[in-house]
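The values are calculated or read from the model by the stated rules, or taken from the named source; none is laboratory data. Since the model is a prediction, treat every value here as computed from it, not as a measurement. Reconstructed Cβ throughout: ideal geometry from the backbone, glycine too, with neighbour counts over all protein chains shown.
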Amino acid sequence: MERQGSVKTIRELRLALDRQAGKKIGFVPTMGALHEGHLSLVGQARQDCDVVVVSVFVNPLQFGPAEDLAEYPRLLDEDVTSARGAGADIIFAPAVEEMYPEPMVAKVRVEGLEDVLCGKYRPGHFAGVATVVVKLLNIVRPERAYFGAKDWQQLIIVRKVVKDFNLAVEIVAMPTVRDADGLAKSSRNRYLSPKEREAALVLPAGIQAAAKMIAAGERDAGRVIAAAKEVIAAQPGVKLEYFSIRGPLDLLPVDVIAGEVLVAAAVYVGRARLIDNMVIKV
Ligand code: PAF
């Protein structure tokens, strides 16, 4: 299809998509500040679908009052160029008033999954994510929507919402994209000074340390977590929020490692809150 500039209104977007009737629509929801992780989702959508829509919307509903909503990077011009370069046809970049013309009183809650891991430290975050994702899926009406495995909890929550509400969309998960030294790509990496970026490497290192212990036969989750926490604690300038081993789908804590487990962690490095995870099969 003919490529267009960024579309600001739901009406404009629907008009553009109605002209593509019968075509397979792939959708990549983002908050912008696009990096190679996002672009891998766009690239996969390009391969799978006839029309690729990327949304760029910094969703206020998923930020807590003390979080980085105001300073979250907003780089629409760069995002339009890079999303197009990766194969996007339409960039949907609505204003907050377009998405939320009146206060949202209906919200999507995902009991059991939204209050653990990151949700324990970011109350309301996943209700904000689930709510905007449902809105965006209803607006775009894609056959497929693409999410990165770096935000594992978000991915599991979105999959559960889609299942519970019988939403007619296939959720496609793509692997975490990392820099050569192992740091997962994240829009929040932009907050890191060179020294902080170096220190942040302890996050993938802690997860790797856990993976190594598990590969070597350790099955006691408590011992693996304690060892990984020591690795992270030894790095000055990094504050651990959580390090956890859980079931990858139910996100319940695991005592004895068996089958597949999710090893997930969050740290603060300076003002950047960084997350990472690995799903390990034993
Ligand atoms: O992962 C993100 O960037 C956001 O949480 C999402 C899915 C675009 C919802 O705002």
*Hey, any hits in region 260-274 for a residue that's within 26 Å of Arg190 (Cβ to Cβ), assigned to a strand (DSSP E or B) and charged (D, E, K, R)?*
yes
*Within region 162-182, which residues are over 15 Å from the mean Cα position of the chain (by Cα) and at negative phi?*
Val162, Lys163, Asp164, Phe165, Leu167, Ala168, Val169, Glu170, Asp179, Ala180, Asp181
_Residues of region 1-37 that turn out to be farther than 19 Å from Ile139 by Cβ and part of a helix (DSSP H, G or I), as a count_ = 2
*Quick one: which of Gln47, Gln20, Gln62 is of a type in the set (S, T, N, Q), away from the ligand (no atom under 16 Å from the Cβ) and surrounded by 14 or more Cβ atoms within 10 Å (Cβ to Cβ)?*
Gln20
*asked:* Here is a check on your reading of the model: is Tyr242 touching a Leu at 6+ places or on another chain (Cβ under 8 Å) and among the aromatic types (Phe, Trp, Tyr)?
replied: yes
*If we scan region 253-265, do we find a residue that is modelled with pLDDT of 95 or more and closer than 25 Å to Glu71 by Cα?*
yes
*asked:* Yes or no: region 177-196 includes at least one residue that is in contact (Cβ under 8 Å) with a residue 60 or more places away in the chain, surrounded by 14 or more Cβ atoms within 10 Å (Cβ to Cβ) and part of a strand (DSSP E or B).
replied: yes
*Only one residue in Glu67, Glu12, Glu36 is free of Cβ contacts under 8 Å to residues at least 12 places away in the same chain and among the acidic types (Asp, Glu), so which one is that?*
Glu12
